[in-house]
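J.: Take a look at the following structure, please.
Values in this text are rule-based calculations from the coordinates and carry no lab data. The structure presented is a predicted model; accordingly, all values stated were derived computationally and were not measured. Glycine also receives a Cβ, built like all others from the backbone with ideal geometry; neighbour counts cover every protein chain displayed.
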Amino acid sequence: MTTTLPVLTVDDLSKRYGSGCAACRDHAETALQGNTCRHCGTVHALSGVSFEVHPGEVLGIVGESGSGKSTILNCLYFDEEPTSGHAYLAAYERGAADLWTASGERRRWIRNHLLGKVYQNPMLGLNMDFSSVANIAEKMIAANDRHVGRMEARARVLLEHTRIPTHRMKTSPRQFSGGMQQRVQIAKALSNEPPILLLDEVTTGLDLSVQARVLDLIKQIRRDVGVAMILVSHDLAVIRMLADRTIVMRDGRQVEAGLTDQIMEDPQHPYTQELVYSLL
Amino acid sequence: MSRHGTYNFAFLDEGSKREIRRATLKAIAIPGYQVPFASREMPIARGWGTGGLQLTLSLIGPDDTLKVIDQGTDESVNAVNIKALIRSTTGVTTSDDTAEATLIQSRHRIPDKPLRPDQILILQVPIPEPLRFVEPREEVTRRLHAERDYTGAYVLLFEQIMRHGDVTTGADPPVEVHDRYVMAPSPIPRIDNPKMDHGDALILLGAGREKKIYAVPPHTRVTSLAFDDHPFRSEDVDGRTCALCGAEGVFMDEIQDAQHGGTTFRCNDTSECLARMNARARAS
Ligand SMILES: Nc1ncnc2c1ncn2[C@@H]1O[C@H](COP(=O)(O)OP(=O)(O)OP(=O)(O)O)[C@@H](O)[C@H]1O
Ligand SMILES: [Mg+2]
Ligand SMILES: [Zn+2]
């Protein structure tokens, strides 16, 4: 029998903004209002989140604004320091070493070689003072590529793949539409062929027709590249279209997890029921 | 009170000089690393070399011979003013001859004549941070240096290649010092970059407004950032001959000839040019 290691394992991730107090650390159920402590004001952005992502799988994370979705991706991409928890990548030390105990230098290596991220806000993921090709090359340069011709050729392939006309590769993403900016981010995230992509609200704020094209692109990447993805969205319709399995977040907690189809057909948690019925 | 009027020798008080020397020693000990220092107000406008001036004043002794160059010339208003200030507060001798000088303060050039172990070159720096254009926040650039993350400097180069096809234009091309820190060599022409590599003289760099001192000690490896398929290249000086001294292969200024409409070239390093002209006159 062969068992394949999950691409990514997250174990008991918590993230607090604030130091917390006895009340919210020991009796979260009564002390917290939403994700915030009534006594000390500490924000419990994530409380004990655990999940796995399997090879080639798309894991959806859905939940209302402020439920902690972006915080999960920020911790995984080392943009934020988790308060506690562990994470393992199959591609890093064969899944035996916790990412969050790695040194700054190792973290940079992991981020540049093993992860790709699309930010909710393109301003955070792209440098608007540089051309699109340089934005894509940045990820390869960060992974120590020092060959201009090779990086330019790779960027060209990725831009074609993400359907950005290559004659515009020297244009700054500043001059692109929102949908194109997201596609440049996707091209950049794919540049080092990471085993997993972190996608934060890739279609939020885009026109419906543009949304549909970006979603098609993600489907196509999944089919052609077979890369695993975490797809964060507050929009259950997007999740339903793309995610194999889904986690439902509320106030920093996982309230439900399972196969997307099952969750859609038979939601268990009242909050999930509310979400699903609102789709109908 | 010293014999030079109301000022202390070399203008700065001894406490300030000691503080600058301490920062200088640290800079020499960590080649290419930007050491913060408490930059003083100087009686010249900021941006006109207060960083270089403070280095010069903290190092100069009565037996030194000083040369000051501004973009290759010893006679610009700026160079003359700096020399006058230092002369009046120290009484040292000044010289235009690179070979005679023990301390050389310069803006935008490294002299063409190779420097000797007993000489110190002081370069004035406007923007000491090679990553500033890609990262405006000082606390972040510090971390990037600590982690030796120079991605941003290479992205900048990559972008120049995308825009211009190659990187042979633009002064201040960043260098890696002693295989560790990337630094801005101050806005010198690219042709001066290789002069920093394994030189005989100590090179100090001072930024007054940004309050930083850094150094390239003698015999230190200095390499210009480049890509495998785009190696570092200097400005193309081939086919240019100095109209005054006949030199070739050195950095030249382009002179538009208003009368005849053409372009002629002159050595940018005027004291070397003059020396060559004198040698020619003696020979004939
Ligand atoms: N720096 C911070 N300081 C304090 N609280 C923060 C900070 N960053 C995030 N939070 C809080 O953490 C919680 C989770 O935020 P997060 O951005 O992860 O939510 P989200 O699910 O991505 O929401 P959205 O759908 O609006 O993007 C929110 O309550 C947010 O206000
Ligand atoms: Mg978010
Ligand atoms: Zn509390």
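J.: Taking the range A:65-94 as the search range and keeping residues that are surrounded by 17 or more Cβ atoms within 10 Å (Cβ to Cβ) and among the charged types (D, E, K, R), which one is farthest from ligand 2 (Cβ to nearest atom)?
T.: A:80
J.: Here's something else I'd like to know. Every residue in the range A:183-202 that is under 17 Å from residue A:133 (Cβ atoms) and surrounded by 20 or more Cβ atoms within 10 Å (Cβ to Cβ), please.
T.: Step one: of the range A:183-202, the residues under 17 Å from residue A:133 (Cβ atoms) are A:183-192.
Of everything in the range A:183-202, those that are under 17 Å from residue A:133 (Cβ atoms) and surrounded by 20 or more Cβ atoms within 10 Å (Cβ to Cβ) turn out to be A:183, A:184, A:185, A:186, A:187, A:188, A:189, A:190, A:191.
J.: Would you point out which residue out of B:104, B:60, B:30, B:20 is of a type in the set (Val, Ile, Thr), touching a Pro at 6+ places or on another chain (Cβ under 7 Å) and closer than 29 Å to residue B:181 by Cα?
T.: The conditions single out B:104.
J.: For the range A:198-206, check the following and say yes or no: at least one residue is more than 27 Å from residue A:261 (Cβ to Cβ), more than 16 Å from ligand 3 (Cβ to nearest atom) and hydroxyl-bearing (Ser, Thr, Tyr).
T.: No.
J.: Quick one: would you say residue B:101 is surrounded by fewer than 16 Cβ atoms within 10 Å (Cβ to Cβ), farther than 21 Å from residue B:209 by Cα and of a type in the set (Gly, Ala, Ser)? Don't jump to the end; show me each part of the working.
T.: Details: surrounded by fewer than 16 Cβ atoms within 10 Å (Cβ to Cβ): no; farther than 21 Å from residue B:209 by Cα: yes; of a type in the set (Gly, Ala, Ser): yes.
In short, no.
J.: Do you know which of the residues in the range A:38-67 that are within 9 Å of ligand 1 (Cβ to nearest atom) and in a strand (DSSP E or B) is farthest from residue A:6 (Cα to Cα)?
T.: Across the range A:38-67, the extreme among qualifying residues is A:43.
J.: Please indicate, with yes or no, whether at least one residue in the range A:24-46 is away from ligand 3 (no atom under 16 Å from the Cβ), away from chain B (no Cβ under 14 Å) and surrounded by 15 or more Cβ atoms within 10 Å (Cβ to Cβ).
T.: No, every residue in the range A:24-46 fails to be away from ligand 3 (no atom under 16 Å from the Cβ), away from chain B (no Cβ under 14 Å) and surrounded by 15 or more Cβ atoms within 10 Å (Cβ to Cβ).
J.: Among the residues of the range B:217-236, is there at least one that is in contact with a helix residue (DSSP H, G or I) (Cβ under 7 Å, 6 or more places away or on another chain), more than 14 Å from chain A (Cβ to nearest Cβ) and over 26 Å from residue A:130 (Cβ atoms)?
T.: Yes, the range B:217-236 contains a residue that is in contact with a helix residue (DSSP H, G or I) (Cβ under 7 Å, 6 or more places away or on another chain), more than 14 Å from chain A (Cβ to nearest Cβ) and over 26 Å from residue A:130 (Cβ atoms).
J.: In the range A:154-165, what residues are away from every other protein chain (no Cβ under 14 Å) and either in a helix (DSSP H, G or I) or of a type in the set (Lys, Arg) (or both)?
T.: To start, the set of residues in the range A:154-165 that are away from every other protein chain (no Cβ under 14 Å) comprises A:157-158, A:160-165.
Selection gives A:157, A:158, A:160, A:161, A:163.
J.: Please return the ranges of strands (runs of 3 or more DSSP E) entirely within the range B:174-269 where 1 or more residues are farther than 23 Å from residue B:73 by Cβ and touching a Lys or Arg at 6+ places or on another chain (Cβ under 9 Å). Don't jump to the end; show me each part of the working.
T.: On the way: elements: B:175-177, B:181-183, B:202-207, B:212-216, B:222-224, B:252-256, B:263-267.
Correct list: B:175-177, B:181-183, B:212-216, B:222-224.
J.: Output the qualifying pairs, or none if there are none: Cβ atoms under 8 angstrom, residues six or more apart or on different chains, first residue in the range B:262-283 and under 16 Å from residue B:239 (Cβ atoms), second residue small (Gly, Ala, Ser).
T.: Within 8 Å, the pairs are B:264/B:243; B:265/B:243; B:266/B:243; B:267/B:72; B:267/B:247.
J.: Okay, moving on. So which of A:62, A:43, A:49 is over 16 Å from residue A:8 (Cα atoms), in contact with a helix residue (DSSP H, G or I) (Cβ under 7 Å, 6 or more places away or on another chain), β-branched (Val, Ile, Thr) and within 16 Å of ligand 2 (Cβ to nearest atom)?
T.: A:62
J.: Report, by residue number, each residue of the range A:124-153 that is facing another protein chain (nearest Cβ under 9 Å), among the small types (Gly, Ala, Ser) and crowded, with 19+ Cβ neighbours inside 10 Å.
T.: A:131, A:134, A:137, A:142
J.: A further question on this structure: Hey, could you check the range A:68-117 for residues that are part of a loop (DSSP other than H, G, I, E, B) and within 14 Å of chain B (Cβ to nearest Cβ) and say which is farthest from ligand 3 (Cβ to nearest atom)? Let's see the steps before the verdict.
T.: The first filter runs over the range A:68-117 and keeps only residues part of a loop (DSSP other than H, G, I, E, B), leaving A:68, A:77-83, A:90-92, A:96-98, A:102-103.
Now restrict to residues that are within 14 Å of chain B (Cβ to nearest Cβ): A:78-79, A:81, A:102-103.
Values: A:78: 27, A:79: 25, A:81: 20, A:102: 30, A:103: 32 Å.
Among those that are part of a loop (DSSP other than H, G, I, E, B) and within 14 Å of chain B (Cβ to nearest Cβ), it is A:103.
J.: State all residues of the range A:228-271 that are within 16 Å of ligand 2 (Cβ to nearest atom) and part of a helix (DSSP H, G or I); if no residue qualifies, say none.
T.: Those that are within 16 Å of ligand 2 (Cβ to nearest atom) and part of a helix (DSSP H, G or I): A:236, A:238, A:239.
J.: Separate question: Just checking, how many residues over the range B:121-151 are in a loop (DSSP other than H, G, I, E, B) and of a type in the set (Ser, Thr, Tyr)?
T.: 1
J.: Does residue B:162 satisfy the criteria of being within 30 Å of residue B:81 (Cβ to Cβ) and hydrophobic (A, V, I, L, M, F, W, C)?
T.: For residue B:162, the condition - within 30 Å of residue B:81 (Cβ to Cβ) and hydrophobic (A, V, I, L, M, F, W, C) - is not met.
J.: Okay, next question. Check residue B:159 against each of (1) within 14 Å of chain A (Cβ to nearest Cβ); (2) without any contact (Cβ under 8 Å) to a residue 40 or more places away in the chain; (3) touching a strand residue (DSSP E or B) at 6+ places or on another chain (Cβ under 8 Å); (4) charged (D, E, K, R) and name the one condition it does not meet.
T.: (3)
J.: Here are the criteria: (1) exposed (fewer than 14 other Cβ atoms within 10 Å of the Cβ); (2) among the charged types (D, E, K, R); (3) within 16 Å of ligand 2 (Cβ to nearest atom). Tell me which single one residue A:105 does not satisfy.
T.: Only one criterion is unmet by residue A:105, namely (3).
J.: Give me a count of the residues in the range B:136-169 that are touching a Lys or Arg at 6+ places or on another chain (Cβ under 8 Å), surrounded by fewer than 16 Cβ atoms within 10 Å (Cβ to Cβ) and over 16 Å from residue A:105 (Cα atoms).
T.: 3
J.: For the list (1) surrounded by 17 or more Cβ atoms within 10 Å (Cβ to Cβ); (2) more than 9 Å from chain B (Cβ to nearest Cβ); (3) without any contact (Cβ under 8 Å) to a residue 40 or more places away in the chain, I need the number of the one condition that residue A:121 fails.
T.: With (1) surrounded by 17 or more Cβ atoms within 10 Å (Cβ to Cβ); (2) more than 9 Å from chain B (Cβ to nearest Cβ); (3) without any contact (Cβ under 8 Å) to a residue 40 or more places away in the chain applied to residue A:121, the lone miss is (1).
J.: Please enumerate the residues belonging to the range A:166-180 that are closer than 21 Å to residue A:221 by Cβ and either within 13 Å of chain B (Cβ to nearest Cβ) or not small (Gly, Ala, Ser) (or both).
T.: A:166, A:168, A:169, A:173, A:176, A:180
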